[in-house]
Amino acid sequence: MATFFGTDGIRGIVNEDLSHSLVTMIGNALAKSKDKAKILIGRDTRISGSYITSSLTSGALQGGANIVDVGIIPTAGISYLTDKLGYDYGIVISASHNPPQYNGIKIFNSNGRKLNEREEENIEKLFVGNLVKDSLSVGSYTYSPNLTKIYINHLVSSCTKKLNNIKIVLDCGNGASFSIAPKVFKKLGAKVIPLFCKNDGKNINVKCGALYTQVLKDKVLSSKADIGFAFDGDSDRLIAIDEKGNELNGDEIVYILANYLKKQNLLNNNTVVGTSLTNSGIVSSLKEKGISFIKTDVGDKYIIEAMEEHNLNLGGEQSGHIIIKDIIPTGDGILSALFLTQCYIEENKPLSYLCDFKKFFQTCESIVVEDKHKVINNKTLIKKIKRISNAIGEKGRVLVRASGTEPKIRIMLEHQEKEIATKYLNILVETIKNI
């Protein structure tokens, strides 16, 4: 298993975890892995984005790779363009939903898919030796921001309905979708109310976007909008707000889209992919409607692997990563928002009406720790989790895991009764804090 790669690329605080030398070696490793590698690169709006891009480009050029820089673009844009335009690798410089001081590197293969674990290990072997390789022929660098138009046109063409007179609030989290998302929805005729659509590099994900929706909720209600959408820093996540100000997470959006695609006879094998966090009530409701559910570990790359293995075209996770694989082979918040809006128009019913399921009460907590691997393997914690699981039985479940992208332990408690779920959650939080 790779050391530097987490569940979503390589990520950390800039100049602490993510140093100039490390990033340079990663760029050089990609160059060394192919003869005259062609690499497409894009980034989100973070101030450190140009610095990380420059470091990675330097190492790649030194190794003989040819670089095309798109500039600011959602992660899914790089995924799509890498496949369509025939690049060996696509790279996104982004820390997704993390705070501004973080940055990261996501790598896509020539098919526009995130590297699998074996590919990550092979790349890592080329840079862990701390050796940068010079090529006898250095590579070239081209800045081509106009390539974003190809991605925009693809999104627009994927929408089969005009969005005329649909009032939509877009919270772009001051991230990669700040310009592109409003353009796409306006091209399709929607009345767009933009929120947090700035590119100042300092406020990406700060009290806005997919992890902080209160301002969006208030705006949807005050403007009497039909729908609100929130994206994270690189726009691979989507959280929706219905006309009543209720939040719909990724699992709930997948539920609505699954029913919509099944009615259109477009849901492959009448099956969707979710994760161990997907609410049991949603899984039961899908089954009642003739839709099978495949469960994976948390992380969109595991969802995509399951989709490919079973030839499926819809999957997603609670955090808002939703994959509509027929259109783009990775999570795309803008694409998911377009499909949800299409569903809203097709059904001709308020979004709140489409959430016709009864959820189990689910409560979650994330705890910052110094050594997440030490904590998750602690014998006291393991015993406590087992006791609680036995006590809950079939009326709920408990899930404790180490975050794949941050120094955190994440707890999820699910039960038919709110009080019981909350009680056991508090016990586990206290246990972890005492370790």
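The criterion of being within 16 Å of the chain's Cα centre (by Cα) and within 17 Å of Cys355 (Cα to Cα) holds for Asp251.
Of all residues in segment 214-228, those satisfying the criterion of being within 12 Å of Leu170 (Cα to Cα) and in a helix (DSSP H, G or I) are Val215, Leu216, Lys217, Lys219, Val220. Close contacts from segment 186-200, counting a first residue that is at positive phi and a second that is of a type in the set (Phe, Trp, Tyr) and part of a loop (DSSP other than H, G, I, E, B), with Cβ to Cβ under 9 Å and a gap of 6+ residues or different chains, come to Phe196/Phe178. Considering segment 33-135, the qualifying helices (runs of 4 or more DSSP H), each wholly inside and each with 1 or more residues that are among the acidic types (Asp, Glu), run over 75-85, 117-127. Leu188 falls short on exactly one of the conditions (1) of a type outside the set (Val, Ile, Thr); (2) more than 19 Å from Lys149 (Cβ to Cβ); (3) surrounded by fewer than 24 Cβ atoms within 10 Å (Cβ to Cβ), and that condition is (2). When Ile282, Ile256 are checked against the criterion of being out of contact with any Gly (no Cβ under 7 Å at 6 or more places or on another chain), outside any loop (DSSP other than H, G, I, E, B), touching a residue at least 24 places away in the same chain (Cβ under 8 Å) and closer than 23 Å to Ser177 by Cβ, a single residue qualifies: Ile256. Tallying residues that are touching a residue at least 12 places away in the same chain (Cβ under 8 Å) and either within 20 Å of Thr148 (Cα to Cα) or under 23 Å from the mean Cα position of the chain (by Cα) (or both) within segment 31-50 yields 12.
Val206 satisfies every condition listed in (1) assigned to a loop (DSSP other than H, G, I, E, B); (2) free of Cβ contacts under 8 Å to residues at least 60 places away in the same chain except (2).
Quick one: would you say Lys395 is touching a residue at least 12 places away in the same chain (Cβ under 8 Å), closer than 30 Å to Val220 by Cα and surrounded by fewer than 20 Cβ atoms within 10 Å (Cβ to Cβ)? Against the criterion (touching a residue at least 12 places away in the same chain (Cβ under 8 Å), closer than 30 Å to Val220 by Cα and surrounded by fewer than 20 Cβ atoms within 10 Å (Cβ to Cβ)), Lys395 does not qualify. Set side by side, the residues Lys374, Lys384, Lys359 differ, and just one is of a type in the set (Lys, Arg) and not in a helix (DSSP H, G or I), which is Lys359. Checked against (1) crowded, with 19+ Cβ neighbours inside 10 Å; (2) at pLDDT 95 or above, Gly64 meets all criteria but (2). Restricting attention to segment 137-184, the residues that are over 16 Å from Thr45 (Cβ atoms) and in contact (Cβ under 8 Å) with a residue 24 or more places away in the chain total 28.
With respect to Asn265, determine if the residue is in the same structural domain as Leu338 (by TED's automatic domain parsing), in contact with a Phe, Trp or Tyr (Cβ under 8 Å, 6 or more places away or on another chain) and either crowded, with 23+ Cβ neighbours inside 10 Å or outside any strand (DSSP E or B) (or both).
Values: in the same structural domain as Leu338 (by TED's automatic domain parsing): yes; in contact with a Phe, Trp or Tyr (Cβ under 8 Å, 6 or more places away or on another chain): no; either crowded, with 23+ Cβ neighbours inside 10 Å or outside any strand (DSSP E or B) (or both): yes.
Here the answer is no, as Asn265 does not meet what is asked.
The values are calculated or read from the model by the stated rules, or taken from the named source; none is laboratory data. These numbers were taken from a predicted model, which means no experiment stands behind them. Using ideal geometry, Cβ is built from the backbone for each residue, glycine included, and neighbour counts are taken over all protein chains shown.
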